[in-house]
Amino acid sequence: MKLYFLSLIFVALLFVIVISILQNKERFENEDEAKFEVNLSLLCLIKNERMNLKVFIEHYIKQGVDRFYIVDNGSEDNPLEVLQPYIDSGYIKYFYMPEKYNQPEKYRQIIVQENLKEKTDWLIICDADEFFYGVPKKLSDTLKDDFNQNDYIQCNWRMFGSSGLKDHPESILKSIVHRQENLHKEKYIFRPRKVNDVNNIAVHEINQSLNSVTENDKIRLNHYVIQSLEYYEKIKMKRGDVAHPSADNKHNMSFFNSIDSSATLIDETLANMQ
């Protein structure tokens, strides 16, 4: 009988301990979330991206991005005409940095200057032709519900062609649906506060051990690398590279044709969300 009561006491104590742990865990998570101004931010460098800029911004607002940090690397197509309403409403912070190359350094400068480690829980770093999205939920909900225990999520490019478009469409997301079957190089979403040294942040990876996962189902990344022939000839072929002078001339017609000819798989996942 004594052993029976001791067992009951042990079970009761164990129950209290478990409940306490769960309550403390929930309290910690709530406090951790509450200390940030925003949940999900996006950092992007642009140059002559006006053809797609509104589509890009509206896509990420729909996916739950709370704030954009847009670095203008010397655009000549007046992007502020598109961006100004979003700047006025508080969605976008705009920075003019026309110096050529050194894309990663510009990202690091904004992360430090804007104190993003303390201001945002999650940060996307991407180009204006890269579109992260959640399936079936929007990206912000997917991060909260399915990846709250992670700090660093890598996604591989789904590389899209031109879908035969010569003239540029109103929306590349609706009109370009042909991609290569294989997945390609990765980009990432991460928690800035978990990175010890901002110099560990590179374009395609973070050079630090983090609680990471590679995900290409619940979170996907469409890369519209060539888009329409009009866009490619007017913009992509002429503006040079954002990171290295050695890559200034890589976007020639041979590159366009190599991507386009192998983009034969129809993928309408994001198109059907529009």
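Once C-alpha pairs closer than 8 Å and six or more residues apart are averaged by separation and normalised to the residue number of the range 142-189, the relative contact order reads 50 percent.
Take the Cβ atoms of S261 and D146, set R0 to 22 Å, and the FRET efficiency comes out at 0.05.
Subtracting the Cα-Cα distance of K194 and V135 from their residue separation scaled by 0.36 nm leaves 18.7 nm.
The 3J(HN,Hα) values that the Karplus relation (6.51, -1.76, 1.60; θ = phi - 60°) gives for the range 113-122 are, in residue order, 4, 8, 6, 5, 4, 9, 9, 10, 6, 10 Hz. Gly and Pro appear as x. Across the range 141-274, Cα pairs under 8 Å and at least six residues apart give a relative contact order of 39 percent.
For the pair M97 and E268, label points projected 7 Å from Cα toward Cβ lie 4.0 nm apart.
Laboratory data are not the source of any read-out in this text; all were calculated from the coordinates shown. This one's a predicted model, so the numbers in the text were calculated from it and none came from an experiment. Glycine gets a Cβ as well: all are built from the backbone with ideal geometry, and neighbour counts include every protein chain shown.
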